[in-house]
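All of the numbers you see were taken from the coordinates with simple rules; none came from a lab. Note that the structure is predicted; figures quoted are calculated from it, not measured. Here the Cβ positions follow ideal geometry from the backbone for every residue, glycine too, while neighbour counts run over all protein chains shown.
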Amino acid sequence: MSTIAAAAPSLEAAAKAAGLTLVADEPGTDFAGLPTTRAVVALAADQTKQLVLELSAAFDAANPKFATGLTTFFAEAAQRLRNPRPDCCLTLHGLPLAFEGFAWPFHGSTSGADTYIVHGNIHLADGTDSALNPPLNAKISASMTQTFATVVPALEQPFAEGFITNAVRKTLDQGQLELVKSGNRQPVPVTTRYYSMKQQVFIFNDTNAQQRHDYLAAKVFWMSYVLGGDAPVWIADPRDAQYLNTTVAELQATAVTLAGEGLVLLDGEWAAATDTLRTEEDTYRAQVAEALAFIKPSFNEEMRGGHTNM
């Protein structure tokens with residue numbers, strides 16, 4: 001029996017109910033050196049599809065107040081793992097990204113600030129990287145205020161991974177992160193501006209029907225065609241719905257529209273690119289170039305060349 005299962009059989013039961021299995025686990029330590037349990041969770045039907053789950057050793061997964069959140073996390077993870085690239089997602093401006101190396105759980109800031117931090121990495125996933133052409137990337141330091149932390153059930157991966165992903169995407173949308181060949185960690189502030197206390201929901205982007213249409217078409221283009229070898233992708237991801245301030249039902253309706261336009265092949269909640277969508281590659285790569293130009297810091301060239309009035 002795994003150490004996670006021994007500490008909280010309900011955690012293993014929630015994973016099993018979602019079609020997942022705990023295939024390995026080992027003790028670990030977090031950023032501050034405190035003990036954690038690091039587990040590999042896999043699809044029961046295809047154990048090559050895996051994610052890493054890391055929890056504080058002190059986290060009580062058997063506490064009933066965490067049951068709903070854990071059930072939701074595993075249910076969504078089981079669907080997301082069926083994607084050809086479960087580690088990837090898209091920004092509203094059309095940047096396909098891969099997320100990796102996030103060091104859960106949160107740890108207290110070491111700089112004296114009253115915040116909780118999680119570190120990770122993202123890189124551009126446009127299918128052009130190679131050993132000779134490494135992808136543009138950003139080292140992330142996502143910081144959450146103590147005020148914001150009060151709305152999160154626990155400072156653990158299952159309860160925070162989704163909104164941290166969306167906060168990173170939103171920060172890129174605002175041009176406040178840069179993708180580079182190498183560099184220092186860049187801040188991603190996670191504050192109550194991303195959360196409606198009145199509605200008790202996260203709000204990242206107010207999108208209209210056309211934006212959701214374009215987003216979903218681009219997602220299928222990149223995640224299915226370019227990165228996925230034409231394997232279908234999940235178009236009803238609640239994480240995307242949160243990011244776009246919409247509903248899963250609306251995403252499904254949008255996918256039906258795309259299918260009617262001949263852009264995607266739709267099978268329930270799963271979609272693949274058609275030949276028509278594939279012909280738009282120049283358009284989508286131009287969007288990536290435009291988005292990269294938007295997030296690149298601009299400088300006064302005359303001042304950089306020494307021509308100033310000072």
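In table form, for the structure just shown:
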| read-out | value |
| --- | --- |
| Å³ per residue enclosed by the Cα convex hull of segment 1-79 | 88 Å³ |
| Rounded to whole Å, sorted largest first: equivalent-ellipsoid semi-axes of segment 226-289, Cα gyration tensor | 20, 15, 11 |
| For Phe106, Phe294, Phe99, order by how many other beta-carbon atoms lie within 10 Å, fewest first | Phe294, Phe99, Phe106 |
| Helix-only CD estimate at 222 nm, as mean residue ellipticity for the chain, using -39500 (n - 2.57) per DSSP H run (n ≥ 4) | -9500 deg cm²/dmol |
| Cα pair distances in segment 138-259, grouped into 5 Å bins until the bin that holds the longest one, percent each | 2, 10, 17, 20, 19, 16, 11, 4, 1 |
| Fewest-first ranking of Arg185, Arg80, using other Cβ atoms within 10 Å as the exposure measure | Arg185, Arg80 |
| Eligible aspartates and glutamates near Lys16 by straight Cα distance, threshold 14 Å, same-chain separation 8 or greater | Asp46, Glu76 |
| Rounded to the nearest 20 debye, dipole of segment 209-295 from Cβ charges on Lys, Arg, Asp, Glu | 180 debye |
| Ascending count of other beta-carbon atoms within 10 Å, so fewest first, for Arg82, Arg212 | Arg82, Arg212 |
| Segment 166-209 and segment 116-138: distance between their alpha carbon centers, rounded to Å | 18 Å |
| Value of D in µm² per second that Stokes-Einstein yields for the chain, Kirkwood Rh from Cα pairs, at 20 °C (1.002 mPa s) | 103 µm²/s |
| Relative contact order of the chain, pairs being alpha-carbon contacts under 8 Å that are 6 or more residues apart, as % | 14 percent |
| Distance between segment 252-293 and segment 50-101 - C-alpha centres, whole angstrom | 24 Å |
